[in-house]
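Single-structure report; data block below.
The values are calculated or read from the model by the stated rules, or taken from the named source; none is laboratory data. These numbers were taken from a predicted model, which means no experiment stands behind them. Methodologically, a virtual Cβ is constructed for each residue, glycine included, from the backbone with ideal geometry; neighbour enumeration extends over all protein chains shown. Accessible surface is based on the protein model in full, side chains and every heavy atom, while ligands, DNA and RNA are left aside. Shrake-Rupley method; radii C 1.70, N 1.55, O 1.52, S 1.80 Å.
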Amino acid sequence: MRSTSIVTSALLVGCSLVISSCSMTTDGQEQLAGAGVGALSGAAIGAAASGGNPRAVAAGATGGAVAGWGAVKLAQLSAKRTQTAEAENNLEGWKPGAPARVKMRGIRVQPDPVNPGSQATIAVNYGVTGPRDAAIPVRETIEIRDPRNKVIVPGQPIEQSRTPGGWESPRTLPLPSNARAGTYQIVARVDAGTSHDESETTLTIQ
């Protein structure tokens, strides 16, 4: 019963963080919503990994909230343009009047290999086509799966407005301290308008 109450508390905290974000600025909304989603995800991971141990659930919720906040803040501060709108539109053959499209170019991971309980910075590289000065809604999602294809770091979507062009968007994700040595799969997805694309790469935990 105690572990159930802690899970419930974590869920309430996560939900309240997401709801509270509605009255904030756009940047603040994204950061607080990220913390809320992180708390929910962290609590779930802690419960699954420990069989519902209250301390693991609470620690997971706290760590997830911090990671979620940090991931959003990093994405806001560190995303950089890698290609102009004109170059991206020409490369993808975009024509005026056509809908916006997204094209994944790859994923960069640092460091690799990593130790359990450490952090990895994952940078998603992609291009967005569309009118040069348009503000296109973009959603970036990254998840990490273990060698058995079980999700160990759930995707925490980050929504941004991007002008057309090439982009590199990094975020730092914490790895579970109980992760076993092996090759893990990183799956990244980017949605832009009605278009989406995915890319995968690997990460070695030693």
Might you work out the accessible area of Arg81 for me, using a 1.4 Å probe with all protein chains in place, and round it to the nearest 10 Å²?
110 Å²
Skipping prolines and chain starts, which residues have an amide H placed within reach, meaning under 5 Å, of the one on Ala179, given they are 5 or more residues away or on another chain?
Gly117
How big is D, in µm² s⁻¹, for segment 106-151 by Stokes-Einstein at 10 °C and 1.306 mPa s if Rh is the Kirkwood radius over C-alpha pairs?
117 µm²/s
Accessible area of Asp191, 1.4 Å probe, to the nearest 10 Å²?
30 Å²
Note down the nm distance, to one decimal, between modelled labels 7 Å out along Cα→Cβ at Glu200 and at Arg180.
2.0 nm
Karplus (6.51, -1.76, 1.60) ³J(HN,Hα), θ = phi - 60°, over segment 144-154, in Hz, Gly and Pro reported as x:
10, 10, 7, x, 9, 6, 8, 6, 10, 10, x
On each of the three principal axes the extent of the alpha-carbon atoms of segment 66-206, given in whole Å and largest first, is 51, 26, 22
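If you wrap a convex hull around the alpha carbons of segment 145-195, what volume per residue comes out, as a whole number of Å³? Present the calculation step by step, with values, prior to reporting the outcome.
Values: hull volume 5.8 nm³, N = 51.
Cα convex hull per residue, to the nearest whole number: 113 Å³.
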Per-residue HN-Hα couplings for segment 123-135 [Karplus 6.51, -1.76, 1.60; θ = phi - 60°; Hz; x = Gly/Pro]:
10, 9, 10, 7, x, 10, 9, x, x, 3, 9, 6, 9
Segments 181-190, 113-122 sorted - mean Cβ within 10 Å per residue, highest first
181-190, 113-122
Length-normalised contact order for segment 65-206 - Cα pairs under 8 Å, 6+ apart - percent:
33 percent
Within segment 173-206, which residues have the backbone N less than 20 Å from the label spot 7 Å out from Thr82 along Cα→beta-carbon, could you tell me?
173, 185-193, 195-204
